[in-house]
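Step one of this worksheet: look at the structure below.
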Amino acid sequence: MKPILTVEDLHVHFVSNSETTYAVNGLSIKLYSQEILGIVGESGSGKSVAVKSILGLLPETAQISGKIALGEERLDQLNSDRLRQIRGKEIAMIFQDPMTSLNPLFTISDQMTRVIERHLHLDKQGANELAELWLRRVGITDAKRRLNQYPHEFSGGMRQRVMIAMAMSLSPRVLIADEPTTALDVTIQKQILGLIRQMESEVQNSVILITHDLGVVANTCHRMVVMYGGMIMEQGNVSDVFSHPAHPYTQGLMDSLPSENNGRHLVPIPGQPAIATTEPKLCPFLDRCPKSISTCFQKMPVLTEIKQDHLVRCWLVEQGGNDETI
Amino acid sequence: MVRLILKRILQAIPMLVAVSIISFMLIQIAPGDPVSAYITPESQPADIELMREKMGLNDSIITQYLRWSSSLLRGDWGYSYSNHRPVAEQIVERVPATLMLMGSALLVSIVSGAFLGVLSAIKPGGWIDRLVSLGSNIAISIPGFWLAMVLLYLFSLKLGWLPSIGMRSIGVNTTTDLLKHMIMPVIVLSFQDTAIISRYVRSRVMEELKEDYVLTEIAYGAKKSDIYFRSVLRNSLLPLITIVGMSLPRLLSGAFITESIFGWPGLGQLGINAVLRYDYSMIMATTLIASGLVILGSLLADILYGVIDPRIQELD
């Protein structure tokens, strides 16, 4: 099957006068049609930077290399006019904080119809009707009246629904949701994730869901990628990764997940994720890894397939000894 | 919204009363005597005393103030000692000219200040930014009357492009003629505010560009010019309303000076001539009207705030 979105050997560096930050280091991702791909990682793991580089949303200080393709079209080589056509229309994005990601001085109708008119070339009335339709579809009652309200008249969860409606109204091939529920409380979080799943199956597009919450991935995604230090540590089907987490980092994330069933205490991963200021030569998780072996201090592990579609970057796996079955 | 406006209007009334008391007291403190305008070297002390009694100058200050303010309310603003015409009539004649000058200057400084501010925020440190910054530094440093002299020398005296004085050429009644007369006074009155506003808008826009909604708009394919001049500018203009509201007194006193340099037949010229001629009722009337205009201006600023920012109406 051909992927819809391909990211190959993506590197993103931020260069300032004093130092260079290596945010993404050789990331490769394939997104297939009608799937929800979860990207998991702590803050600073490079997940958000990676997806922002897909649409060219990073500041000018970012140096990006690698291949990014939507279908056959190379996004990293586009001129700005074509890129603007892709933004929203082909790849739409929703962001972490719905309280601030809408312009406070324009009505929902203003903001939605402007985007719809731009991409779907509808007239004002058609755009307004489509906006209303989508507000209803994401579960906003009294959509006609709500359309003429300002963002501050909506609650956080409602605003995220508006953002989803705005994204979906363009029927994009890919929806990127960058921590869409992090700023919302848990019950709302569940509704929003349910909505994203529902939209994905109705519109039949593909979704990249970025989160730091493994629970979100387990309930929402088909495949998942675990990122650390701007690299993929582990990748595979959600069921495979959850039943046989092979990387010590993934295992650590699982252990720090609250669970009602196994009665164990939460086990946090010691230390903080470090931001790389030199090009990584060894496993970025090394200084926090409880299971490191001597090989880890010598060279960078490569991403190895341990089962079909289940890939892990760890020297322990190479030696065949780290399948911790839960 | 209506409640907000009513509230602001009610708040403006005590302010006006306070201003009337202060301007009345200032006149009392000022050296000189209204009677001095009427006496000749031949006047006898008894005549002068009679005059004082007739003008009510021997009453207590409070009685004088109440008499003055109640006649103000009845629309009787007194007579000008210098030309013996009703003060109110002359003020009504003059206010439009001043409002026209101030309004145009305000418009010019907001539009050009906002435009230059956004332009320099697009690429901070770029050549446009440095040029605008240099220009505004110069503009803030040079005094208005000096610029007025230079402009007069250059464009009226040397090049002869622009008329040097007045509002209209005698016998000509066209808009072009009026605009020609306005160019220099408006430049002199607006250049400093343009500089201040452009600096302010620049820093506001740079702050505003960091907001999340800007990223949303980029991610949905908005053009850069749309983002800068539509979304971000509107958000940046909000606090600008306050700045402009606060700059009104300065603008008005600037108008007084500019009017007398360019012979613009407005309130400022009227006021300054009144001061030079000890024309008491005229001085008090112009002071009061000038303060009234400033209060009205900040009232409008408040209302405008509510119109532009939907969140303010919510608070009400």
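Each value in this text was obtained by applying a stated rule to the coordinates, not by laboratory testing. This structure is a prediction, so every number in the text was calculated from the model and none was measured. Positions of Cβ are backbone-derived with ideal geometry, glycine not excepted, and every protein chain shown enters the neighbour counts.
List of remarks:
- Fraction of beta bridges assigned by DSSP in chain A that are antiparallel (%, nearest 5): 60 percent
- Straightening the chain between residue B:99 and residue B:158 buys 18.3 nm, computed as 0.36 nm per residue apart minus the Cα-Cα spacing.
- Per-residue mean of C-beta atoms belonging to partner chains within 10 Å, peptide A:47-56: 1
- Centroid-to-centroid, using Cα positions, region B:235-297 and region B:40-62 are 32 Å apart.
- For a straight C-alpha distance cut-off of 27 angstrom, the lysines reachable from residue A:281 (same-chain residues fewer than eight places away being disregarded) are A:30, A:47, A:52, A:67, A:291, A:299, A:307.
- Protection proxy ranking of A:17-25, B:99-107, B:198-206 - average other beta-carbon atoms within 10 Å, highest first: B:198-206, B:99-107, A:17-25
- Of the residues B:96, A:233, B:237, the one whose Cα sits farthest towards the positive end of the charge dipole of the protein assembly as shown is B:96 (charges of +1 on Lys and Arg Cβ, -1 on Asp and Glu Cβ, taken about the Cα centre).
- Region B:94-267: relative contact order as a whole-number percent, Cα under 8 Å and 6+ apart: 40 percent
- Along the axis of the charge dipole computed for the protein assembly as shown (Cβ charges of +1 for Lys and Arg, -1 for Asp and Glu, origin at the Cα centre), the listed residues B:10, A:188, B:256 are led at the positive end by B:256.
- For the peptide B:42-54, the mean number of other protein chain Cβ atoms found within 10 angstrom of a residue's Cβ is 0.
- Mean per-residue shielding of peptide A:93-103 is 4, counting Cβ atoms of other chains within 10 Å of each Cβ.
- Projected label distance in nm at residue A:8 and residue A:149, using a 7 Å step from Cα toward the beta-carbon: 4.8 nm
- For residue A:190, a cut-off of 20 angstrom between C-alpha atoms picks up these aspartates and glutamates, skipping any fewer than 8 places away in its own chain: A:35, A:97, A:178, A:179, A:200, A:202, A:213, A:260.
- Ellipsoid semi-axes in whole angstrom, largest first, where each is sqrt(5λ) of the Cα gyration tensor of chain A: 36, 23, 18
- For chain B: relative contact order, % (alpha-carbon pairs under 8 angstrom, 6 or more apart): 28 percent
- Average 1/r across all pairs of distinct alpha carbons in chain B, invert it, and you get the Kirkwood radius: 22.6 Å.
- Shape call, region A:142-185: gyration tensor on alpha carbons, a/c limit 1.5: oblate
- Rel. contact order, % - alpha carbon contacts under 8 angstrom, at least six apart, chain A: 21 percent
- Label-to-label distance for residue A:63 and residue A:19 is 1.6 nm, based on points extended 7 Å past Cα in the beta-carbon direction.
- C-alpha center-to-center spacing [region B:193-226, region A:8-66] in angstrom: 25 Å
- Taking all pairs of distinct alpha-carbon atoms in region A:26-183, Kirkwood radius in angstrom: 16.7 Å
- Taking the helices alone, chain A has a mean residue ellipticity at 222 nm of -9000 deg cm²/dmol, built from -39,500 (n - 2.57) per DSSP H run of at least 4 residues and averaged over all its residues.
- For chain B, size of Cβ-based charge dipole, Lys and Arg +1, Asp and Glu -1, in debye: 860 debye
- Shown is the FRET efficiency for residue B:206 and residue B:43, computed with R0 = 45 Å from the Cβ-Cβ distance and rounded to the nearest 0.05: 0.10.
- The coefficient of translational diffusion for region B:94-267, derived via Stokes-Einstein from the alpha carbon Kirkwood radius under 4 °C and 1.567 mPa s, stands at 74 µm²/s.
- The residue B:127 and residue A:281 beta-carbon pair, evaluated with R₀ = 51 Å, returns a calculated FRET efficiency of approximately 0.75.
- Percent antiparallel among DSSP beta bridges (both partners in the protein assembly as shown, rounded to 5): 65 percent
- Given R0 = 60 Å, the distance between the Cβ atoms of residue A:141 and residue B:61 translates into a calculated FRET efficiency of 0.35.
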